[in-house]
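Written out below as structure tokens is the structure these notes cover.
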């Protein structure tokens, strides 16, 4: 009994660059990291949306970055004002504690999004991404 050997021709299993999921130029990826920097990344994000010369994915990340920053800023300011206006020291302390939790959450979400970008995964946040798309068109 003989075994037949099949000659295998090299098969190119890699899809073209445009069909790969999350295919992104290294410079565009670096710009996306810049957009996701907490607090500071809002300015380049706003500039990118104003120019609107980026791709759809980068513009979506810019919108998400701006929405997260303004959500954090509104929570930060309202809790700070509430802590200043509260007469009791325990209520003010609790509001400042919530303020620090909101700030820490904002920074952690931004770092998590950067980690997802590093791993070339989707940068969508449930609820926030859809809201960013609807509000900032």
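The values are calculated or read from the model by the stated rules, or taken from the named source; none is laboratory data. Note that the structure is predicted; figures quoted are calculated from it, not measured. With ideal geometry, Cβ positions are generated from the backbone for all residues, glycine too; neighbour counts draw on all protein chains shown.
Here are some notes:
- Here residue 125 does not qualify as crowded, with 17+ Cβ neighbours inside 10 Å and assigned to a helix (DSSP H, G or I).
- For region 82-90, the count of residues that are under 17 Å from residue 128 (Cα atoms) and part of a helix (DSSP H, G or I) is zero.
- Pairs meeting the criteria (first residue in region 74-97 and more than 25 Å from residue 39 (Cβ to Cβ), second residue part of a helix (DSSP H, G or I) and modelled with pLDDT of 90 or more, beta carbons under 7 Å, at least 6 apart or on different chains) are 86/95.
- Residue in region 75-82 that is at negative phi and surrounded by fewer than 11 Cβ atoms within 10 Å (Cβ to Cβ) present: no
- Residue check for residue 50: at negative phi and loosely packed, with under 13 Cβ neighbours inside 10 Å: yes
- Residue in region 19-40 that is part of a loop (DSSP other than H, G, I, E, B), on the phi > 0 side of the Ramachandran plot and at pLDDT below 80 present: yes
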